[in-house]
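Undergrad: Submitted below is the structure of interest, expressed as structure tokens.
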Amino acid sequence: MRNSTPFAVTLTAAAALLVVPGSAAAAPTPTAGRTALYPVAGLAAERLTTADLVAAAKWGTDSPIDDPTREQQVLDDVAARAELLGADPAEIRVIFRDQIEANKVVQRGLYRRWTDHPDEAPTTKPDLGVVRQEINRITGALVQALADTSENRGTLACRPGLALAALQVRHEDHLDGLHTRALVRALPSICRD
């Protein structure tokens, strides 16, 4: 398992630049230059938004947040997709293990929020089958983006570029603290050490 500390430190340092008054990096804009890893960060964040729907579908049911059978299916699927694209299946499995764990960060955070504030709990349940179709679509796009950026993910510029991409996505998507923490959890294995 890779240590997420270097990425978290890089992201935290980059975030600090965003709040320093008078900083040239005061706020990334949608037209700001994007790194080659922007699509990867964007798709990881998009995949995290599905965690809200998964949590709402499972809330108040016997369905646990941890679903080892489903997780294994996802990992097997991404490995097979990676192999078809000429990417390293083992590497893609590790990256998607982080994606799955990040998704659970959001689900657990929402469960805590809804337990503490029942008035904020969902009143309708999304169809988990439909939500999983969306997850599968995003997953396929993310595997493709990872395959497309394989060369970039092996360079020294990967971590700073990924941190910048994550900050841009956070700003553009208006991610709250929970989803920002989950995004940080989703990204550490993307760059090769």
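The values are calculated or read from the model by the stated rules, or taken from the named source; none is laboratory data. Keep in mind the model is a prediction, meaning the values are calculated, not measured. So basically every Cβ, Gly included, is an ideal-geometry build from the backbone, and we count neighbours across all protein chains shown. Side chains are part of the model used for accessible areas, which takes the heavy atoms of the whole protein and leaves out ligands, DNA and RNA. Shrake-Rupley method; radii C 1.70, N 1.55, O 1.52, S 1.80 Å.
Undergrad: For segment 61-193, what value does the Rg/Rh ratio take when both radii are computed over Cα atoms and Rh is the Kirkwood radius, given to two decimals?
TA: On the way: Rg = 16.1 Å, Rh = 16.2 Å.
For segment 61-193, the value is 0.99.
Undergrad: Using a probe radius of 1.4 Å on heavy atoms only, what accessible surface per residue do you get for segment 85-193? Whole Å² is fine.
TA: Spelled out: the 1.4 Å probe surface of segment 85-193, per residue, equals 47 Å².
Undergrad: I would also like to ask the following. Which order do the peptides 66-78, 141-153, 113-125 come out in when sorted by mean C-beta neighbours inside 10 angstrom, highest first?
TA: 141-153, 66-78, 113-125
Undergrad: Could you check how much of the accessible area of segment 47-106 is carbon and sulfur, as a whole percent, using a 1.4 Å probe?
TA: C and S fraction of accessible area: 55 percent.
Undergrad: Let me ask you something else. How big is segment 75-125 on each of its three principal axes, counting only the C-alpha atoms and giving the largest first in Å?
TA: Projected onto the principal axes, the Cα atoms of segment 75-125 cover 48, 19, 12 Å.
Undergrad: Starting at the first residue of segment 53-61, write each ³J(HN,Hα) from the Karplus equation 6.51 cos²θ - 1.76 cosθ + 1.60 with θ = phi - 60°, in whole Hz, x for Gly and Pro.
TA: 5, 4, 4, 5, 5, 8, 4, x, 10
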